[in-house]
Amino acid sequence: MSDVFSGILGQPKVRDFLRSVVAQDAIGQAYLFTGPAGSNKTLAAYALAQAAICEDKACGTCDACKRVMRRNHPDVRYYEPEGSGGYLVEQIREIVADVDMAPIQAKRKVYIIDRVDLLSVQAANAFLKTLEEPPANVVLILLGRTQTSVLPTIVSRCQVVPFRHIPHTEAVGIVCQNTGVAPLQAAVAIQACSGSISKAIDFVRSSERFAFRSRVLQILESLELADDLDILGYAAEILERAQAPLDLVRKTQEEELAASAEFMAQAAIRQVEARNKRVLSAKSTETLHQTTSIMRSWLRDVLMVCSGQPELVINEDVRDAIGRTAAKTSAERLVRALSALDETDEAFRYNVSPETCIDVALFTIREELYGSHSARFAAK
Ligand SMILES: [Zn+2]
């Protein structure tokens, strides 16, 4: 059976449940999807949003369905915590105010609210009334890691839909089955996409993304002999290639806005523009994290070789380069380089310019792996 829910891989029970809800025309108003990262909750939430918005029971092919799938339908909103430790009370108040406004294009509005396990008691309190009695045309889909990590006052007001943890070998199998690639390549993609199966499938299907990964790994290997100017060049190249997919998103957004602008009020246009900007910024963060994931998987592989566990190498296709690097550095140095990447991710989150983040990451990795620049050249 192929429908908008077929994409919810590895979660047959969730798929059946959502299909029955739609078949009975019984979409509820408040759901809580619980499950670990990579269990396909977000994808399922967007599929349910399609079902709620589409005039033809989630056909998957109409303009509304397509927009939801591309994540730029003005009546399907996605939120994640904007504070460093979770949701800000102001952010929740903004959502609450928005819920009361009429939909822009569809008959219903859908709110996908990620990481509700990061709702403080105060932020949750600001949300309870809306959650208990949302306007009739609103569907709230809350996503959280585990049911116990979500405040009971939130859980009790939602219909809970549990997602199972998908074991790594099964995840690899799913990616292979859906793309036809070898298990090793699937494992690399899953690693590069921080465990997300659906993103790993997109990653494998895009030859451009795979070429990008190869280039990043090549750059990492050449860091030993790179001078400062080389590193600045590498960083600029990585950033440009990492963010290449954004051009397509931007172009699609511009075309869609141009096509519908004449039918829309100024206020609605501004709202769509603001939303497009958020989608673009989320996509940008995603590509940056993908870049650090690729780097991390390579450093981890070098660490495996250094610590005598070469059988655990994931990036099999560059095993030779990994071996060469392992011979020139040490496990302690690799651990430090890996923690530098955690700091890079943190810096992205705090909106430090991506260019600076990648510059610093490459300089630090070089320094951690091979010692200071002068020491490296004195040794020759
Ligand atoms: Zn449709």
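Only the coordinates and a few stated rules stand behind these numbers; no lab work does. These numbers come from a predicted model, not from an experiment. As a convention, Cβ positions derive from the backbone with ideal geometry for all residues, glycine included, and neighbour counts pool all protein chains shown.
Explain nothing, just the number: relative contact order of the stretch 1-84, from Cα pairs under 8 Å at least 6 residues apart, as a whole percent.
Numbers: 61 pairs, mean separation 22.8, N = 84.
Once normalised by length, the contact order is 27 percent.
Pairing the Cα long axis of helix 89-99 with the longest principal axis of the chain, what angle in degrees results, from 0 to 90 and rounded to the nearest 10?
40 degrees
So how do M295, M69, M101, M264 line up by other beta-carbon neighbours within 10 Å, fewest first?
Working: M295 26, M69 19, M101 10, M264 16.
Ordered by Cβ neighbours within 10 Å, fewest first: M101, M264, M69, M295.
Residues with beta-carbon under 10 Å from that of T287, excluding T287: net charge, scoring Lys, Arg +1 and Asp, Glu -1? Write out the running numbers ahead of the final one.
Numbers: positive: R209, R241, K283; negative: E286.
Taking every Cβ under 10 Å from that of T287, the sum is +2.
Can you sort H73, H289 from fewest to most other Cβ atoms within 10 Å of each residue's own Cβ? Mind showing how you got there, number by number?
Working: H73 27, H289 19.
Listing H73, H289 from fewest to most nearby Cβ atoms yields H289, H73.
If one takes the longest principal axis of the Cα atoms in the chain, at what angle in degrees, from 0 to 90 and to the nearest 10, does the Cα axis of helix 244-260 lie?
Once rounded, one gets 20 degrees.
Report, ordered by chain and residue number, the lysines lying within cross-link reach of K328, taken as a straight Cα distance under 30 Å and ignoring same-chain residues fewer than 8 apart.
Leaving aside lysines fewer than 8 places away in the same chain, those within reach of K328 are K380.
Residues with amide H under 5 Å of L143's amide H, sequence separation 5 or more or different chain, H placed in the peptide plane at 1.01 Å from N; which?
For L143, the qualifying residues are F33, I113, D114, R115, V116.
Could you state the angle between the C-alpha long axis of helix 228-242 and the longest principal axis of the C-alpha atoms of the chain, as a value from 0 to 90 degrees rounded to the nearest 10?
30 degrees
Taking neighbour Cβ counts within 10 Å as the exposure measure, how do S222, S207 sort from fewest upward?
Working: S222 14, S207 8.
Fewest to most other Cβ atoms nearby, the residues stand as S207, S222.
Expressed as a whole number of Å, what is the distance separating the alpha-carbon centroids of the stretch 70-140 and the stretch 4-19?
24 Å
Considering only Cα-Cα distances, which of the following residue pairs are longer than 20 Å: K251/K277; K41/K251; K66/K199; K13/K109; K109/K283; K251/K283? Don't skip to the end; give the middle numbers.
Values: K251/K277 12 Å; K41/K251 28 Å; K66/K199 18 Å; K13/K109 25 Å; K109/K283 22 Å; K251/K283 14 Å.
Cα-Cα > 20 Å for K41/K251; K13/K109; K109/K283; rest within.
So, in nm, how far is label D230 from label Q122 when the simple model puts each one 7 Å beyond its Cα toward the Cβ?
Between D230 and Q122, the label points sit 5.1 nm apart.
Quick query: amide H of A30 versus all other amide H atoms, modeled in the peptide plane; which residues come in under 5 Å with a sequence gap of 5 or more or a different chain?
Here L140, Q159 satisfy the definition.
Only Cα pairs under 8 Å and at least 6 apart count here; give the relative contact order of the chain as a rounded whole percent.
Working: 479 pairs, mean separation 59.3, N = 380.
So the answer I get is 16 percent.
Mind running the shape call on the stretch 103-182? Use the C-alpha gyration tensor, a ≥ b ≥ c as the square roots of the eigenvalues: rounded below 1.5 for a/c, prolate if a/b tops b/c, oblate otherwise. Intermediate results must be reported in sequence, preceding the final value.
Details: a/c = 3.31, a/b = 1.65, b/c = 2.01.
Oblate shape, in that a/c is at least 1.5 and b/c is the bigger or equal ratio.
With Cβ to Cβ distances under 13 Å as the rule, what net charge do the other residues near R157 carry (K, R +1; D, E -1)? Kindly include the intermediate steps, with their values, before the conclusion.
Working: positive: K129; negative: E132, E133.
Charge balance in the 13 Å sphere: -1.
Over what distance in Å are the Cα centres of the stretch 266-296 and the stretch 154-196 separated?
So the two Cα centres are separated by 23 Å.
So if the hydrodynamic radius of the chain is defined as the Kirkwood radius over C-alpha pairs, what does Stokes-Einstein give as its diffusion coefficient at 4 °C and 1.567 mPa s, in µm² per second? Before the final figure, lay out each step's value.
Numbers: Rh = 22.6 Å.
Answer from the Stokes-Einstein relation: 57 µm²/s.
Whole-Å semi-axes of the stretch 89-243's equivalent ellipsoid, largest first, each the root of 5 times a Cα gyration tensor eigenvalue? It would help to have the intermediate numbers written out before the result.
On the way: eigenvalues 328, 91, 53 Å².
Taking √(5λ) for each Cα gyration eigenvalue gives 41, 21, 16 Å.
For a quick check: with amide H placed at 1.01 Å from N, whose amide H comes under 5 Å from V110's, ignoring anything fewer than 5 positions away on the same chain?
V76, R77, V139
Relative contact order (percent) for the stretch 206-378, with alpha-carbon contacts under 8 angstrom and 6 or more residues of separation? Before the final figure, lay out the partial values.
Details: 127 pairs, mean separation 48.1, N = 173.
It rounds to 28 percent for the stretch 206-378.
Let me have the 222 nm mean residue ellipticity of the chain computed from DSSP H runs of 4+ only, each contributing -39500 (n - 2.57), with the sum over all residues rounded to the nearest 500. Please report the intermediate quantities before stating the final value.
Numbers: 17 runs with 231 residues, N = 380.
The per-residue figure over the chain is -19500 deg cm²/dmol.
Calculate one ³J(HN,Hα) per residue across the stretch 41-49 by plugging θ = phi - 60° into the Karplus curve 6.51 cos²θ - 1.76 cosθ + 1.60, and present them in order as whole Hz with x for glycine and proline.
Working through the residues one at a time gives 5, 5, 4, 5, 5, 5, 5, 5, 4 Hz.
Kindly write out, for the stretch 338-350 in residue order, the coupling ³J(HN,Hα) from the Karplus curve 6.51 cos²θ - 1.76 cosθ + 1.60 (θ = phi - 60°), rounded to whole Hz, with x marking Gly and Pro.
5, 6, 4, 5, 4, 5, 4, 4, 4, 5, 4, 4, 8
Mind grabbing the base-10 log of I(q)/I(0) for the stretch 274-332 at q = 0.16, 0.19, 0.26, 0.30 Å⁻¹? Debye formula, identical points on the C-alpha positions, no solvent, two decimal places.
So the normalised log intensities are -0.55, -0.66, -0.97, -1.14.
Rounded, prolate or oblate: pick one for the stretch 12-166, where a ≥ b ≥ c are the square roots of the eigenvalues of its C-alpha gyration tensor, a/c under 1.5 means rounded, and failing that, prolate if a/b is larger than b/c, else oblate. The partial results should precede the final answer.
Values: a/c = 1.66, a/b = 1.24, b/c = 1.34.
Note, shape of the stretch 12-166 comes out oblate.
How large is ³J(HN,Hα) for each residue in the stretch 356-365, as worked out from phi by the Karplus curve 6.51 cos²θ - 1.76 cosθ + 1.60 (θ = phi - 60°), to whole Hz, x for Gly and Pro?
Here the 3J(HN,Hα) series is 4, 4, 6, 3, 4, 4, 5, 4, 5, 4 Hz.
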